[in-house]
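Chemist: Quick one: this structure, given as structure tokens, is what I'll be asking you about.
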Amino acid sequence: MRRSFSTETGFASPQLEVGRHGPPLHGILFMKTISRFSSAPRGLVFEWKELAEQAFSRTAGAPLIGGNSIRLLRDARENYPAWLEAIGSSREHVHLENYIFSADRTGEKFADALSERAEKGVRIRLIYDWVGCFMKTPGKFWDRLRRHGIEVRCYNPPRFDSPLGWLSRDHRKVLSVDGNVGFVSGLCIADEWEGIPEKKIDPWRDTGVELRGPAVAELEQSFSMSWEMTGTPLPPDDPPEPDPIVPAGDASVRLVAGLPSTVRMMRLDQLIAALAKKRLWLTDAYYAGTAAYVQALRALAEDGADVRLLVPHGTDIPLLRPLSRSGYRTLLEAGIRIFEWNGTMLHAKTAVADGVWARVGSTNLNMSSWLGNCEMDVVVEDAGFARQMEEMYIEDLRNSTEVVLDERRKVRAPGEPRHPRQLIRKGGGSVSRAAAGAIRITNVVGAAVTDKRILEPVESRIMIFSGLFLLLLAALFMVFPFLLAYPLILVILWISVILIYRGIRLRSERKVSSLKDPAK
């Protein structure tokens, strides 16, 4: 692949060779497969093409939907005005699902817009996440919205009978209005995304899309499922069954609605890494790739593809930054280029492959997002949109510093700019970043104990610090055994009470069911 180097930025920028309407990525899979059967009959060709489409649909758990228009929206300066305009023009209903809805200036602005439409008779339904809004949004904020007629639900608050249930989060950032327009992004509703000038905090970098066309119906269907997960489901006729949505463009998209334990986006991310041919450019806020995903990226880079990963430099948990960087070496040694964003916080989760395939949404490249959360991503198979994504990526690299291995094989960022100490208000993404760090530590420690894979030299630091921590913990428990015994007793008591409570409740439900239907 030819590359042209910008004298201004020094970044390699591949010449785009795909036309405006290039083949979808499942078409690339089809062509790769069919190239091995040069004498394949015409019927077999069409059969393999159908199988390729089927493979993508099954992997993502989402069909390819044609006839849509899609608009790329960058940062809060483009996303928020589009959201507020859609809310302000609503006539029937507004469905909003967001991980964080803060009670700050930005939150108040959206609360006012939603309340105004609710008072005009528009049905407003809102889902927020308990962990995402913890200590950010007081109960009186939600009470005020309810008084204006807004239906508000909380996803997965702590329950006595589910001590670990809160680990599953609703991490989606989705808005749909009247079945006509929908938005999917990585943006929460909080001041961080607009910036806090008085604290010298610049706006967070993030990406979203606006959708019009048949895909909006699929977006509303996913909201209905989330609504049912938080309480009573929507009535069958509310909202009423829409008329067939008229095509609004020529973009084909998939709406990948991630649910806990489904790993849909994880499987699709690995499939794309295996199928991309020329380039794969990734942006992620809390990267902590699994061994299988890292292997897929390394194999792609070693096969001559241009693989890049753009991650944040700033963090709301400074202690986890070295841990995040510890995973760079194995990527850099395979030829993958890593860049760190120089601004306040890079929160986007995007990917673009071969100039024909792109992804925008809420899923981070870590097990917390892939396995534990409700997520929403738009996968676009359109060359025009992919070109926009690549152009935006090159622009982002102009505000980034490339991380390299120096002559002593250390990970460093040459000429790395100095940053103010407090760039990010704490708490914005701490749960995701902490989970990503914990997963990386667990992977390394587990591999060292079970001896199931070859460990990288860079992982030695994690192993040594983890070993010293466990040694210190063991010594502490030997001297003060009650520090281990009392918490363990409390956990055992809690679990035993939960089991008894659930058993009694199930037996009571069975008796009630038997009284209603003696045949049972």
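Chemist: Tell me the chymotrypsin sites (Phe, Trp or Tyr not before Pro) within the range 110-212 that lie in a loop according to DSSP and have at most 13 other beta-carbon atoms within 10 Å.
Modeler: PHE160
Chemist: Per the 1.4 Å probe, what fraction of the accessible area of the range 251-293, in percent, lies on carbon and sulfur atoms?
Modeler: Working: 630 of 1140 Å².
Result for the range 251-293: 55 percent of the exposed heavy-atom area is carbon or sulfur.
Chemist: At 0.36 nm per residue, minus the direct Cα-Cα distance, what do LEU484 and ALA274 gain on full extension? Give it in nm, one decimal, please. Write down the numbers at each step before the final one.
Modeler: Details: separation 210, 0.36 × 210 = 75.60 nm, distance 4.59 nm.
Gain in length upon complete extension: 71.0 nm.
Chemist: Continuing with this model, one more query. For GLY314, which sequence-distant residues (separation of 5 or more, or a different chain) have an amide H within less than 5 Å of its own amide H, given hydrogens modelled in the peptide plane?
Modeler: Correct list: LEU346.
Chemist: Quick one: what are the phi-derived ³J(HN,Hα) couplings along the range 141-151, Karplus 6.51/-1.76/1.60 with θ = phi - 60°, whole Hz, x for glycine and proline?
Modeler: These are the phi-based 3J(HN,Hα) values: 5, 5, 4, 5, 5, 5, 5, 7, x, 8, 8 Hz.
Chemist: Distance from the Cα centre of the range 475-511 to that of the range 327-350, in angstrom?
Modeler: After rounding, the separation between the Cα centres reads 42 Å.
Chemist: Which distance in nm do the two modelled labels at SER496 and ARG159 give, with both placed 7 Å along the Cα-to-Cβ direction?
Modeler: Here the answer is 2.4 nm between the modelled labels.
Chemist: Looking at the square roots a ≥ b ≥ c of the eigenvalues of the Cα gyration tensor of the range 88-220, which shape do they give, rounded for a/c under 1.5, prolate if a/b is larger than b/c, or oblate? Spell out each step's value before the answer.
Modeler: On the way: a/c = 1.29, a/b = 1.13, b/c = 1.14.
It is rounded, given that a/c, with a ≥ b ≥ c, falls under 1.5.
Chemist: Can you pull the Rg over Rh of the range 291-407, Cα-only, Kirkwood?
Modeler: Numbers: Rg = 14.6 Å, Rh = 15.4 Å.
When Rh is taken as the Kirkwood radius, the ratio is 0.95.
Chemist: So if each residue of separation counts as 0.36 nm, and I subtract the Cα-Cα distance between ASP143 and GLU395, what length gain in nm does that give?
Modeler: Details: separation 252, 0.36 × 252 = 90.72 nm, distance 4.27 nm.
Gain on stretching ASP143 to GLU395: 86.5 nm.
Chemist: Next question. Around GLY361, what is the net charge, scoring Lys/Arg as +1 and Asp/Glu as -1 over all other residues with Cβ under 14 Å from its Cβ?
Modeler: Residues close to GLY361 contribute a combined charge of -3.
Chemist: Right, next: Just to verify a number: FRET efficiency for LYS199 and LYS511, C-beta to C-beta distance, R0 = 56 Å, to 0.05? Could the numbers behind the result be given before it?
Modeler: Details: r = 59 Å, r/R0 = 1.04.
Computed FRET efficiency for LYS199 and LYS511: 0.45.
Chemist: Related question: Could you give me the ³J(HN,Hα) list for the range 267-273, computed from phi with Karplus coefficients 6.51, -1.76, 1.60 and θ = phi - 60°, whole Hz, x at Gly and Pro?
Modeler: Here the 3J(HN,Hα) series is 5, 5, 4, 5, 5, 5, 4 Hz.
The values are calculated or read from the model by the stated rules, or taken from the named source; none is laboratory data. Keep in mind the model is a prediction, meaning the values are calculated, not measured. All Cβ positions, even for glycine, are placed from backbone atoms using ideal geometry, and neighbour counts span all protein chains on display. Please note that ligands, DNA and RNA were not included when accessible areas were found on the heavy atoms of the full protein model with its side chains. Shrake-Rupley method; radii C 1.70, N 1.55, O 1.52, S 1.80 Å.
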